[in-house]
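K.L.:
Dropping a structure here in structure tokens format, bear with me for questions.
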Amino acid sequence: MVRIPDAGVPVAAGVGLRTPHMAAFAATAPGALIAPWIEIHSENFLCDGGPRLAMLDAVAARYPVSCHGVGLSLGSADGLDLDHLARLKRLFARVKPCLVSEHLSWSVTDGVYLNDLLPMPYTAATLAVICRNIDTAQNAFGRRILVENPSGYLRFGESTMTEPEFLSHVVERTGCGLLLDINNVYVSAVNNGFDAAAYLKAIPYDAVGEIHLAGYTEVGAGETRVLIDTHGAKVSDPVWELYATFIRNNGSRPTLIEWDRDLPELPVLLREAAAAQTILDSVTREIVHAG
């Protein structure tokens, strides 16, 4: 299978495109981009026509677009929904995204769709399912996909490998890339008691094709403290620190600010992207000075 290479996404800080902001992006004059690139949730645009798709056409004519899926269910033991694959393929043919990504999770069983991105134990059996489904998706799309690390709230007793080890095997077996969500790493590290910095050193960083940054919600205190990946706040200081360290150690990557709940006015979202861009620019300056 000949696969389309990732192309066209700037190594810069973009933002997630959400409905209240679509008109502003669609009306952008040539040469006056609000952000260097945008990312959509693919399932929001799996329609055959209408104003939503027309608005997306206008945005895609002006901006590089990344398509981020939430419903493919790569962890489903029953395999992938071929109708859903076909609808995604039609969307990608229309939008011509620079990147395509999905979550390392499952959300479908026996034809029932669950409204969540559910975790899996990291075992040889799970690895076989994930790799089979990624191969199916990549062959259907004719291109590489990026797989996003999940946010974690528990550990499975039957897991036989760490998440970085599991991701390394997935990349090696399928040739997929990684969408590194650093907020998810931090949330999982706090909730499950591991070292987030060590996690970032252990992943196959050369496979990282995109980075996500977002905010979390903290509930409880002490032993009952839990971080929840809500995408409803500014990026936290610990996540900014992890991001800066990863970029300085491994080089710049296209970076996205995700904000889905309690959506702010567009200038607030763009200021978060500007903070990420400042870190990317500082790494570029360091490389130039070192050379």
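The values are calculated or read from the model by the stated rules, or taken from the named source; none is laboratory data. Here the structure is a predicted model, which means the values were calculated and not measured. All Cβ positions, even for glycine, are placed from backbone atoms using ideal geometry, and neighbour counts span all protein chains on display.
K.L.:
Can you name the residue in region 195-206 that is in contact (Cβ under 8 Å) with a residue 24 or more places away in the chain and assigned to a loop (DSSP other than H, G, I, E, B) and is also surrounded by the most Cβ atoms within 10 Å (Cβ to Cβ) among such residues?
P.N.:
So, considering only residues that are in contact (Cβ under 8 Å) with a residue 24 or more places away in the chain and assigned to a loop (DSSP other than H, G, I, E, B), the one surrounded by the most Cβ atoms within 10 Å (Cβ to Cβ) is Ile203.
K.L.:
Search region 61-90 for residues being hydrophobic (A, V, I, L, M, F, W, C) and more than 19 Å from the chain's Cα centre (by Cα), and hand back the single one that is farthest from Leu33 (Cα to Cα).
P.N.:
Among those residues, the one meeting the criterion is Ala77.
K.L.:
Then there's this: When only residues in region 216-267 that are aromatic (Phe, Trp, Tyr) and in contact with a strand residue (DSSP E or B) (Cβ under 7 Å, 6 or more places away or on another chain) count, which is farthest from Val185 (Cα to Cα)?
P.N.:
Trp259
K.L.:
Can you tell which of Tyr186, Tyr216, Tyr122, Tyr153 is surrounded by fewer than 20 Cβ atoms within 10 Å (Cβ to Cβ) and either at pLDDT 95 or above or of a type outside the set (D, E, K, R) (or both)?
P.N.:
Checking each option against the conditions leaves just Tyr153.
K.L.:
Evaluate region 73-90: report whether one residue or more is over 23 Å from Asn44 (Cβ atoms) and not small (Gly, Ala, Ser).
P.N.:
Yes, because at least one residue in region 73-90 is over 23 Å from Asn44 (Cβ atoms) and not small (Gly, Ala, Ser).
K.L.:
Restricting to region 237-291, name every residue that is closer than 22 Å to Leu178 by Cα and either touching an Asp or Glu at 6+ places or on another chain (Cβ under 9 Å) or outside any helix (DSSP H, G or I) (or both).
P.N.:
Residues satisfying the conditions are Arg248, Asn250, Gly251, Ser252, Arg253, Pro254, Thr255, Leu256, Ile257, Glu258, Trp259, Asp260.
K.L.:
Something else: Among the residues of region 27-75, which ones are part of a strand (DSSP E or B) and surrounded by fewer than 21 Cβ atoms within 10 Å (Cβ to Cβ)?
P.N.:
Residue satisfying the conditions is His41 alone.
K.L.:
Can I ask one more? Checking the structure you have, find out if any residue of region 111-118 is part of a strand (DSSP E or B), aromatic (Phe, Trp, Tyr), at pLDDT below 95 and in contact with a strand residue (DSSP E or B) (Cβ under 6 Å, 6 or more places away or on another chain).
P.N.:
So far as region 111-118 goes, no, none of its residues is part of a strand (DSSP E or B), aromatic (Phe, Trp, Tyr), at pLDDT below 95 and in contact with a strand residue (DSSP E or B) (Cβ under 6 Å, 6 or more places away or on another chain).
K.L.:
Here is a further query. Do we find that Glu241 is buried (at least 17 other Cβ atoms within 10 Å of the Cβ) and charged (D, E, K, R) in this structure?
P.N.:
So Glu241 does not fit the description; no.
K.L.:
Please enumerate the residues belonging to region 258-279 that are closer than 15 Å to Val11 by Cβ and either modelled with pLDDT under 95 or within 18 Å of the chain's Cα centre (by Cα) (or both).
P.N.:
Ala273, Ala276, Gln277
K.L.:
Looking at the structure I just gave you, is Arg143 in contact with a strand residue (DSSP E or B) (Cβ under 8 Å, 6 or more places away or on another chain) and more than 22 Å from Ile182 (Cα to Cα)?
P.N.:
yes
K.L.:
Part of a strand (DSSP E or B) and over 17 Å from Thr162 (Cβ atoms): which single residue out of Gly209, Gly215 fits that description?
P.N.:
Being part of a strand (DSSP E or B) and over 17 Å from Thr162 (Cβ atoms) holds for just one of Gly209, Gly215, which is Gly209.
K.L.:
Scan region 81-110 residue by residue and report those that are buried (at least 19 other Cβ atoms within 10 Å of the Cβ) and in a strand (DSSP E or B).
P.N.:
Leu99, Val100, Ser101, Glu102, His103, Trp106, Ser107, Val108
K.L.:
Now, a different point. Any idea how many residues of region 218-250 are over 19 Å from Ile279 (Cβ atoms), touching a residue at least 40 places away in the same chain (Cβ under 8 Å) and aliphatic (A, V, I, L, M)?
P.N.:
Residues that pass the stated criteria total 3.
K.L.:
For region 161-190, give me the residue count where each residue is under 18 Å from Gly215 (Cα atoms), out of contact with any Gly (no Cβ under 6 Å at 6 or more places or on another chain) and either part of a helix (DSSP H, G or I) or aromatic (Phe, Trp, Tyr) (or both).
P.N.:
8
K.L.:
Output yes when any residue across region 113-120 is within 29 Å of Glu218 (Cβ to Cβ), without any contact (Cβ under 8 Å) to a residue 24 or more places away in the chain and more than 16 Å from the chain's Cα centre (by Cα), and no when none is.
P.N.:
Yes, region 113-120 has at least one match.
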